[in-house]
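Below is one structure; the comments refer to it alone.
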Amino acid sequence: MKLVYVAVGSNLGPSEITTQSALTELQEQPEVIDFRISHWYRSKAIGGPIDQPDYLNAVCRFLTSYSPDDLLIRLQALENSYGRIREVRWGPRTLDLDIIWIDGFTSTKPHLTIPHPRAHQRAFVLLPLLDLKADFLLQNRTLIPLCFPKIGVNLWVHLQFLKNK
């Protein structure tokens, strides 16, 4: 079994219901054990069309027997089952599940880059990762120095803690 961290996001439709339902489905798969989730955060959309709704974000971690490619297929199937449409890069979405890190695994395949190539640039990934593992190393760096340049007044205004249900 491999330890996996997956970023979760949604900014279309009933995001709280969608993310909670999708994560429950993921957690109930027999190939997934020891499932944990960070606190929930709100963040502005980065890139893509302007005037998108804010995102609801978290990170989950779990152990899985899925291969990395099989995990990607499962996560994309879950996104699709909740109405995910891939028409516009960084466009709004009902559900976004991105593999951030897999223990002992790296990949530069076009369809599967691990660790996630932009995770270290995104506070909406870094802060939830800190919730789960304060000493996590991403690209051989601790998360706290990665977070501080990104956490300013604007970020704290836009990232609002939501109760973990």
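Structural remarks
- Considering the stretch 12-112, the qualifying strands (runs of 3 or more DSSP E), each wholly inside and each with 2 or more residues that are out of contact with any Ser or Thr (no Cβ under 7 Å at 6 or more places or on another chain) and either open to solvent by 60 Å² or more (accessible area, probe 1.4 Å) or of a type in the set (Lys, Arg) (or both), run over 32-37, 107-109.
- Some residue of the stretch 57-65 being out of contact with any Lys or Arg (no Cβ under 9 Å at 6 or more places or on another chain), among the small types (Gly, Ala, Ser) and under 18 Å from Leu127 (Cα atoms): yes
- With respect to (1) within 17 Å of Ala45 (Cβ to Cβ); (2) modelled with pLDDT of 85 or more, the lone exception for Arg118 is condition (2).
- In the stretch 66-93, the residues that are over 16 Å from Gly13 (Cβ atoms) form Cβ pairs under 7 Å with partners that are among the polar types (S, T, N, Q) and modelled with pLDDT under 90, at six or more places apart or across chains, as follows: Pro68/Ser107.
The values are calculated or read from the model by the stated rules, or taken from the named source; none is laboratory data. What you see is a predicted model; the values in this text were computed from it and never measured. Using ideal geometry, Cβ is built from the backbone for each residue, glycine included, and neighbour counts are taken over all protein chains shown. The protein model used for the area step is the full one, side chains on, heavy atoms only, and it has no ligands, DNA or RNA in it. Shrake-Rupley method; radii C 1.70, N 1.55, O 1.52, S 1.80 Å.
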